[in-house]
Structures are given as C-alpha cells and as structure tokens.
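Here's the structure, in structure tokens; my notes come after.
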Amino acid sequence: MAEPEIAPSKGLERTLSREHYLSPELFAREKERIFLREWFHVGREEDVATPGSYLVVEVAGESVLVVRTREGTLRAYYNVCRHRGCQLVLTGSDSAGCAPELAGSFASGIKCPYHAWTYTLEGALRTAPYLDENAGIRKDELSLHPVGIDTWGGFFFLNLVPREAEARGHTLRAQLGEAATRLANYPLADLRRVKRITYEVAANWKVMLENYNECYHCAGVHPELCKVVPAFRKNGGASLDWDEGIPHRDGAVTFTLSGQTARAPFPGLDQNELVKHKGELIYPNFMISLSMDHVAAFTVFPRDAGHSTIVCDFLFHPSEIEKPGFDPMDAVEFWDITNRQDWTIVEGVQRGMNSRRFAHGYYAPMESASLDIRKYIAERLGEMGSEPFSARCGVGQSDHGTENGSDPISGDRT
Ligand SMILES: [Fe+2]
C-alpha cells in the first residue's frame, strides 16, 4: 500500500524521481532530447592538430569522424559512407568507445574501406570508382552527413543535429553562457594535456553532475581535499562563492596534497585567481576545475542509465611543460584520489536508488545548484507534470502519488 504523500521539510527540494536515474526508456529520451541536440563536449583541438589528422569519437551511440582540413578548419561528420553505410573509419566490434580512441591522418581524402568512395576533408564526394557524373551520378547530393563542431578555449564540442541547432540559434556560445566570461582570464586555448585518466563509473550521468555541483559531501568524502580547502567543512560549503573562487587554507594555492606547487601560475590571472580555485559545470557533460597552475577537465560520456564513462584531462601551460623536471603528478595524484572518492560514493548512490523504497531524494539548501539539473531535465524532456513517469515507463511504481513535475522549479547556481 502506498504511503501517504508528505510535504518536504522546509528548505528541502525534491530531486528528480527514481526513474530518471534508472529507466532505460528515460535514458533513451535523454539521448534524443539532450545528447543529440546540445553541444556535447568531446576533446581538445590538440587531438586533431595537423591538416589531415582525424579522430573518431562516439556521442550518444553515434560514431563521429572529426577532421582537420588542409586549411586548418575543424570539421565533423557521421562516420558513415553515403554509398552503403559502411563506417569510413572502422571502429571494430565495440565501436570507438566513448573517449577519442581512434586517431590517425588521411594522406589525401576520406576513403571508404568498402568500395573506395572517397570524400574530400570538407566532406564532398570526390570519386566513386567506375561511376562518373556523365553517367548521371550527382556527387553534390552525396556529401557526408555533417556534424556541428565548434570550439572554446581549445575544447571542441559536437552537435549531432547542426541544421536544427542553427535554425533555433543554438550556438556553443549560447550554451556556454556566462561560464566563458567567468573563465576569460585563463589561457585555456594555450594549455596542453599531459595526462588523461578514463574512469568507468556505475552511475547515472546526472548523479555525477549533481555530485560535482555541491560540496555538502566534501567534509565526509574528501579528507585530503578539505585539508587544502578547509572552507568545504563549514556549513556544507553553503557560504562558498564559486564565481569568486574557492579559498585555500593559508599558504595553499592549488589542488595538490601539499596545496603548493613549483609551477608558475598561468599568465593573465587576476589577484583572486592566483590564490583561489574555480569550477564550472557546463551542461550537459562538461566540468572544468581550475587552479592557478593546472586545469582538470572532466567529460562525461553517458553510456546507459546506470553507467558513465568519465574522462579526466590534466592541462598545463606549455611554458611549464617544457621546463626540465616538469612533473604533473602532484596534481594528477591529488585529483585521482578525489575522483575515486567521488566515484565510490556516486556508485553507492546509484545502488541505493535501485531500492524499491527510494522514490526520490531531496536537495538540501547547500545543494541548490543541483536544482538546475532538475530544471534542465524538465525543460528538455517535457511532459513531466501530467503523468507519473513510473506509469509511463513501466519502471516499478512509486510509493508517492505525484512525481517531481508538480513542484515549483526554482533555484540557481548563485
Ligand atoms: Fe566530491
């Protein structure tokens, strides 16, 4: 028998319902409404640095070919030949995975391995063996299917429905919003990756974003982090101003176990940024944490409702990388400790939400930024107020008569 609906305690806001974290149907809907339509962060421009270089990445189950043209422009295409649909770059039985894994360089054009239809790096069909335009073939109708690509700070983002995005004015700049302004002093485009760690995490992608969005958990989960930033222990991080930057303890300036570093700060930072830490969550899948000497960039590749791949790139300034004795591992080790603590706890959240006793959770006031996730999902999945998701998606039955949709949606990052 269903338990009676109770009003949330004062100051608590409901999270998304259980089904949002467990349902394959809702995940499929997120794929269509979010991962396909939004600008999805994938990698660094340096991954395709030279003319003719390419890499293959998987976004929302689609294999995408990213190419640097002879003129130096980045282009992206569905990794599908217009002839018979063969992959232009074969990714093997398990596709390309999520992170950029297949990389190489085209000597001339993009040649399909099946019948050797060959495309220019701009995606136009150049040659189709034994077929020519005199025989009626219309090459201009057989270009590769484009994927939108745009960059910010050396990061590149893909949009799988570029014409639709353009029609609705949905640019990468629009999606980045004020985050780009807040990070304007960091020389992001100049930075280079010196280390990448890829984690497989048995948790829904939103659990990972929600975890990034609050530091209520830091006191209990991250002892090393709290030694560097004691402010995380105060009031669950409620009084922290992320836009201004997070203060370290006295004498600490960066995210290493000692809080210190031999590396010079990035050029161009203001007095505040020289001693504080900043972080931004850029929906739907990009998180960027910035110290004065290094950046940890997290890219989430949602795999299914209960599994995400997360790629952590460590970026440093070239002037430091080229110094004799440069060693990034103090930062890498610090982040790896912190990351693993996070993945352990979010996997615990995912397992806990599988319980039939869990219908939805609550956001405490110091987790208010996570309300943005509820709003973000509601705006994109739609139709959330009229019918319980459990009824529509057939993923168990909630003990609560209403789901999240009837709640007022409020809250902001600030
Ligand atoms: Fe954490």
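The values are calculated or read from the model by the stated rules, or taken from the named source; none is laboratory data. Since the model is a prediction, treat every value here as computed from it, not as a measurement. Ideal geometry is used to build each Cβ from the backbone, glycine not excepted, and the neighbour counts take in all protein chains shown. Protein only, heavy atoms only, side chains kept; ligands, DNA and RNA dropped before computing areas. Shrake-Rupley method; radii C 1.70, N 1.55, O 1.52, S 1.80 Å.
Quick notes on this structure:
- When the stretch 350-365 is filtered for residues that are among the hydroxyl-bearing types (Ser, Thr, Tyr) and open to solvent by 40 Å² or more (accessible area, probe 1.4 Å), the ones remaining, listed by number, are SER355, TYR362.
- Within the stretch 18-40, residues that are within 18 Å of THR299 (Cβ to Cβ) have Cβ atoms under 6 Å from residues that are assigned to a helix (DSSP H, G or I) in these pairs: ILE34/ARG380; TRP39/LEU172; TRP39/GLN175, counting only partners at least 6 apart in sequence or on another chain.
- Considering (1) surrounded by fewer than 20 Cβ atoms within 10 Å (Cβ to Cβ); (2) closer than 19 Å to GLY154 by Cβ, the lone condition that ALA296 does not fulfil carries the number (1).
- Breaking point among (1) touching a strand residue (DSSP E or B) at 6+ places or on another chain (Cβ under 7 Å); (2) open to solvent by less than 10 Å² (accessible area, probe 1.4 Å); (3) not in a loop (DSSP other than H, G, I, E, B), for LYS278: (2)
- For beta carbons closer than 7 Å, sequence separation of 6+ or different chains, a first residue in the stretch 303-323 that is farther than 28 Å from LYS31 by Cα and a second that is among the acidic types (Asp, Glu), the qualifying pairs are HIS317/ASP190; PRO318/ASP190.
- Picking from residues in the stretch 52-64 that are in contact with a Lys or Arg (Cβ under 9 Å, 6 or more places away or on another chain) and touching a residue at least 40 places away in the same chain (Cβ under 8 Å), the one that is surrounded by the most Cβ atoms within 10 Å (Cβ to Cβ) is TYR54.
- Residue in the stretch 262-271 that is loosely packed, with under 13 Cβ neighbours inside 10 Å, among the polar types (S, T, N, Q) and more than 20 Å from CYS215 (Cα to Cα) present: yes
Residues checked against (1) away from the ligand (no atom under 16 Å from the Cβ); (2) of a type in the set (D, E, K, R):
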{"residue": "ASN272", "(1), (2)": "yes, no"}
{"residue": "ALA296", "(1), (2)": "no, no"}
{"residue": "ARG303", "(1), (2)": "yes, yes"}
{"residue": "ASP330", "(1), (2)": "yes, yes"}
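- Residue among ARG33, ARG29, ARG75 that is closer than 14 Å to PRO146 by Cβ and open to solvent by 10 Å² or more (accessible area, probe 1.4 Å): ARG75
- Condition met for ASN204 (modelled with pLDDT under 95 and under 22 Å from THR309 (Cβ atoms)): no
- Counting only helices (runs of 4 or more DSSP H) that sit completely within the stretch 165-258, those holding 1 or more residues that are within 16 Å of the ligand (Cβ to nearest atom) correspond to 205-212, 218-221, 223-228.
- Number of positions in the stretch 96-126 that are open to solvent by 50 Å² or more (accessible area, probe 1.4 Å), within 28 Å of the chain's Cα centre (by Cα) and modelled with pLDDT of 75 or more: 4
For every residue, the table says whether it meets (1) at pLDDT below 95; (2) of a type outside the set (Phe, Trp, Tyr); (3) surrounded by 15 or more Cβ atoms within 10 Å (Cβ to Cβ).
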| site | (1), (2), (3) |
| --- | --- |
| PHE286 | no, no, yes |
| VAL300 | no, yes, yes |
| LEU315 | no, yes, yes |
| LYS323 | no, yes, no |
| TRP335 | no, no, yes |
| GLY348 | no, yes, no |
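- Per-region count, the stretch 346-358, residues away from the ligand (no atom under 15 Å from the Cβ) and of a type outside the set (S, T, N, Q): 6
- Of all the listed residues (TRP335, TRP343), the sole one being more than 30 Å from GLY11 (Cα to Cα), within 13 Å of the ligand (Cβ to nearest atom), in a helix (DSSP H, G or I) and not β-branched (Val, Ile, Thr) is TRP335.
- Scanning the stretch 127-164 for residues that are part of a strand (DSSP E or B), out of contact with any helix residue (DSSP H, G or I) (no Cβ under 8 Å at 6 or more places or on another chain) and either at pLDDT below 95 or over 24 Å from GLY72 (Cα atoms) (or both) yields THR127, LEU131.
- The number of residues in the stretch 141-162 being without any contact (Cβ under 8 Å) to a residue 24 or more places away in the chain and either hydrophobic (A, V, I, L, M, F, W, C) or in contact with a strand residue (DSSP E or B) (Cβ under 8 Å, 6 or more places away or on another chain) (or both) comes to 1.
- Residue satisfying condition, being over 21 Å from THR118 (Cα atoms), among the small types (Gly, Ala, Ser) and modelled with pLDDT of 95 or more, within set SER23, SER93: SER23
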